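Below: one structure, written as structure tokens.
The values are calculated or read from the model by the stated rules, or taken from the named source; none is laboratory data. Keep in mind that this is a model prediction, so the values were computed, not measured. Virtual Cβ from ideal backbone geometry, glycine too; neighbours counted across all protein chains shown.
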Amino acid sequence: MEKNQYLDMFIEESREHVQSINEHLLQLETDPNNKDLIGEIFRSAHTLKGMAATMGYEEITNLTHQMENVLDGIRNDTYEANTILIDVVFESVDYIEKMVEDIALGGDGTADVQSVLEKLCEFERNGAVKEIAAVLEAPSIDTETFDDFELTVIAQSVEQGYVPFNVEVTLREDCILKAARVVMIFDVLEQVGEVIKTNPPVEKLEDEQFDNSFSLTILSTKTSDELNERIFKVSEVEKVVVTEIDLDSKKEDEGQQEAKQIEQIKQVETKKSNEKEAVKSTSGNKTIRVNIDRLDALMNLFEELVIDKGRLEQIADELNNNELTDTVEHMTRISADLQSIILTMRMVPVEQVFNRFPRMVRGLAKDLNKQVQLKVVGQETELDRTVIDEIGDPLVHLLRNSIDHGVETPGERIKRGKPEQGTIQLHAYHSGNHVFIEVSDDGAGIDTNNVLSKAIKKGVVTEESSKTLTEAQIYDLLFSSGLSTREEISDVSGRGVGLDVVKSKIESLGGSVTITSSQGQGTTFSVQLPLTLSIISVMLVEVGVEKYAIPLSSIIETAIIKKEDILRAHNQQVIDFRGRVVPLISLKKIFDTPTDLEKGEEEYLSVVVVRKGEKMAALIVDSFIGQQEIVLKALGSYLSQVFAISGATILGDGEVALIIDCNTIIK
């Protein structure tokens, strides 16, 4: 088998199984007796082990197998799913994830897993693991060595129409990957039955610690010939002997032990039934995996189409040809539908980002000796892939801030009449052409006096100006670089480099972040993000002899004002806009735009009123061209520091228009 041919598939599916194990382990910690959760974790681990064995990654295979034994001990009530055991399983999953990522980066997928293997083995030494749906470790396949539990499993299966078979397999002498062949044989057999015993034990089979022959016991409804045929489909199998096991002389145990074992059998059958239903439900789901680079290439081609469409519209207006105009209008409708489809294809649920937070919250809460529950709402909300890739780090900072600064310790919460366990809610939802993500906690809230004193001490504001600040403006000080309300520097906080990073990253995505808080009740951080960054709606304006684009998401309205209505306040030109004093800013002066000398002094001024959070500004322009959908193009690394410009676009006539960053101007 050519390993590289399946490497991408192995990495992608391994990541999915690791994420699934993480999610179900977190649920298992709160509901340790839920057998369905244990079954889901076991299936993910078992599949991951089989894939790793087939690909030849022995350390992942060994660690996953040992983890399977412990999981099966939980499933069979040999072990209790307490925090200590789950911590060890989490540690195992972390190692598996690191090895998978190492493989993705071109490594060999090895790691020093001896310490976590010893921890897993310690649980095994404290109690015998009995496996039902996987494979049993036993010194011999002879029916005389079946214990009472195994005999009950077989007997109950026979009553339900299953037949026990002893299967002896001999591989060819020149077989290279014996462990891989064993896994493949197990896979074909488990499609038609349950393997309940092997000789030699499973770990020896996976470590290739056997000659060329091994035996197993399987419960199946198929005939011996059908089993024989299935096994021979696996390459490098030399000989197969399938014989039916006669258990007429064996007697079933009675009493409470039997009742417990029968219940376990029912759970196995329920699991098998659920698996079959899952296969049925997924078989009708017609989906394919598409590399994001292909979607990016498709978007780039569509962007060029949008530019050409704008050019055609302009030519149609100039020629005034009815047939051309009709064709362009039809093309506009088609391109609008095409744009909707392409943007929908690029949309992915925020669940992809949210999935990694429960583990992080659990670990950080334990480090800080706090009890925290994370509630996730709206994880199905969709965002463009380009935005999804960027919001992970800002949300990590906000969650860490809520755990460290927001939620109190259990003792403090009890004193304040709150439950010991704090709650952090991560809520995503659509509103208009934006997505909002809120991180809220039921903690101590923000002490405005503490924030002000820290800001004055750091020189962020003066003591005099601090007296005029509103509550919202005080909260906004938390986003200042170097400001932290923590007295001591720790691994989590105290350096003041968290929230300022959040604000700059969110604003670079065309979004905004605001804070609301109630002291003693909790705090909410609200992040507003655009649905997509590739194609945006803008207002085209003329400034001097140049054209600029102002994003519609920033515009409140456009207006015409008289020069005599301009006022002055603190050496700044302002206007009265609906009862609010709004600064008046000349784009011509900001961008030093050349002026058309033929134009004289105008009695009226054209302004665009824009908003950034609660702050507003009126931008003076020469004229309005109109609303248009444009393709956002980055300026590149050489022009990344250009003031108040977030990108550029190519208009229909081939002219380049710069896109104004209203957030920077207002700031």
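Is it true that some residue in segment 383-391 is hydrophobic (A, V, I, L, M, F, W, C), more than 16 Å from the chain's Cα centre (by Cα) and either under 12 Å from residue 527 (Cβ atoms) or part of a helix (DSSP H, G or I) (or both)? Working first, answer last.
Filtering segment 383-391 for residues hydrophobic (A, V, I, L, M, F, W, C) gives 383, 387-388, 391.
The next check asks that each one be more than 16 Å from the chain's Cα centre (by Cα); those that pass are none.
No.
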| query | When you look at residue 437, is it within 14 Å of residue 350 (Cβ to Cβ), outside any loop (DSSP other than H, G, I, E, B) and at pLDDT 85 or above, yes or no? | reply | yes
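Pick from 379, 373, 421, 425: which is within 17 Å of residue 513 (Cβ to Cβ), without any contact (Cβ under 8 Å) to a residue 60 or more places away in the chain, touching a strand residue (DSSP E or B) at 6+ places or on another chain (Cβ under 9 Å) and not β-branched (Val, Ile, Thr)? Steps first, please.
Values: 379 fails: within 17 Å of residue 513 (Cβ to Cβ); 373 fails: within 17 Å of residue 513 (Cβ to Cβ); 421 fails: within 17 Å of residue 513 (Cβ to Cβ).
Among 379, 373, 421, 425, only 425 is within 17 Å of residue 513 (Cβ to Cβ), without any contact (Cβ under 8 Å) to a residue 60 or more places away in the chain, touching a strand residue (DSSP E or B) at 6+ places or on another chain (Cβ under 9 Å) and not β-branched (Val, Ile, Thr).
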| task | Residue by residue through segment 499-513, note down the ones that are among the acidic types (Asp, Glu) and under 15 Å from residue 665 (Cα atoms). | result | 507
| field | Members of segment 239-248 that are surrounded by fewer than 18 Cβ atoms within 10 Å (Cβ to Cβ) and over 24 Å from residue 180 (Cβ atoms) | value | 243, 244, 246, 247, 248
| request: Only residues in segment 209-238 that are in the same structural domain as residue 180 (by TED's automatic domain parsing) and farther than 17 Å from residue 178 by Cβ count as the first member; pair them with residues that are among the hydroxyl-bearing types (Ser, Thr, Tyr) and loosely packed, with under 14 Cβ neighbours inside 10 Å, Cβ under 9 angstrom, at least 6 apart or cross-chain, and list the lot. | output: 224/243
| message | Checking the structure you have, find out if any residue of segment 331-349 is within 22 Å of residue 26 (Cβ to Cβ) and not hydrophobic (A, V, I, L, M, F, W, C). | response | yes
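So which of 502, 538, 513 ends up being part of a helix (DSSP H, G or I) and not aromatic (Phe, Trp, Tyr)?
Working: 538 fails: part of a helix (DSSP H, G or I); 513 fails: part of a helix (DSSP H, G or I).
Result of the check over 502, 538, 513: 502.
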| note | Pairs returned, first residue in segment 453-464 that is in a loop (DSSP other than H, G, I, E, B), second residue that is hydroxyl-bearing (Ser, Thr, Tyr), beta-carbon separation under 7 angstrom, 6 or more apart or interchain, are 460/480
| query | Pairs, please: C-beta under 8 Å, at least 6 apart or cross-chain, first residue aliphatic (A, V, I, L, M) and surrounded by 16 or more Cβ atoms within 10 Å (Cβ to Cβ) and in segment 301-318, second assigned to a helix (DSSP H, G or I) and at pLDDT below 80? | reply | 306/339
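Is it the case that residue 159 is modelled with pLDDT under 80 and either of a type in the set (A, V, I, L, M) or more than 22 Å from residue 242 (Cβ to Cβ) (or both)?
Working: modelled with pLDDT under 80: yes; either of a type in the set (A, V, I, L, M) or more than 22 Å from residue 242 (Cβ to Cβ) (or both): no.
Criteria not met by residue 159.
With 161, 193 as the choices, which residue is free of Cβ contacts under 8 Å to residues at least 40 places away in the same chain and among the small types (Gly, Ala, Ser)? Working first, answer last.
Values: 161 fails: free of Cβ contacts under 8 Å to residues at least 40 places away in the same chain.
Residue meeting the stated conditions: 193.
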| query | Considering segment 533-557 alone, what residues qualify as being hydroxyl-bearing (Ser, Thr, Tyr) and surrounded by fewer than 17 Cβ atoms within 10 Å (Cβ to Cβ)? | reply | 537
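Mind checking which residues of segment 213-246 are among the hydrophobic types (A, V, I, L, M, F, W, C) and farther than 17 Å from residue 171 by Cα?
First, the residues of segment 213-246 that are among the hydrophobic types (A, V, I, L, M, F, W, C): 214, 216, 218-219, 227, 231-232, 234, 237, 240-242, 245.
Result: 218, 219, 245.
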| query | For segment 346-378, what are the residues that are among the hydrophobic types (A, V, I, L, M, F, W, C), within 10 Å of the chain's Cα centre (by Cα) and not in a helix (DSSP H, G or I)? | reply | 348, 350
| task | Test residue 69 against the criterion of being more than 23 Å from the chain's Cα centre (by Cα) and more than 28 Å from residue 180 (Cβ to Cβ), and give yes or no. | result | no
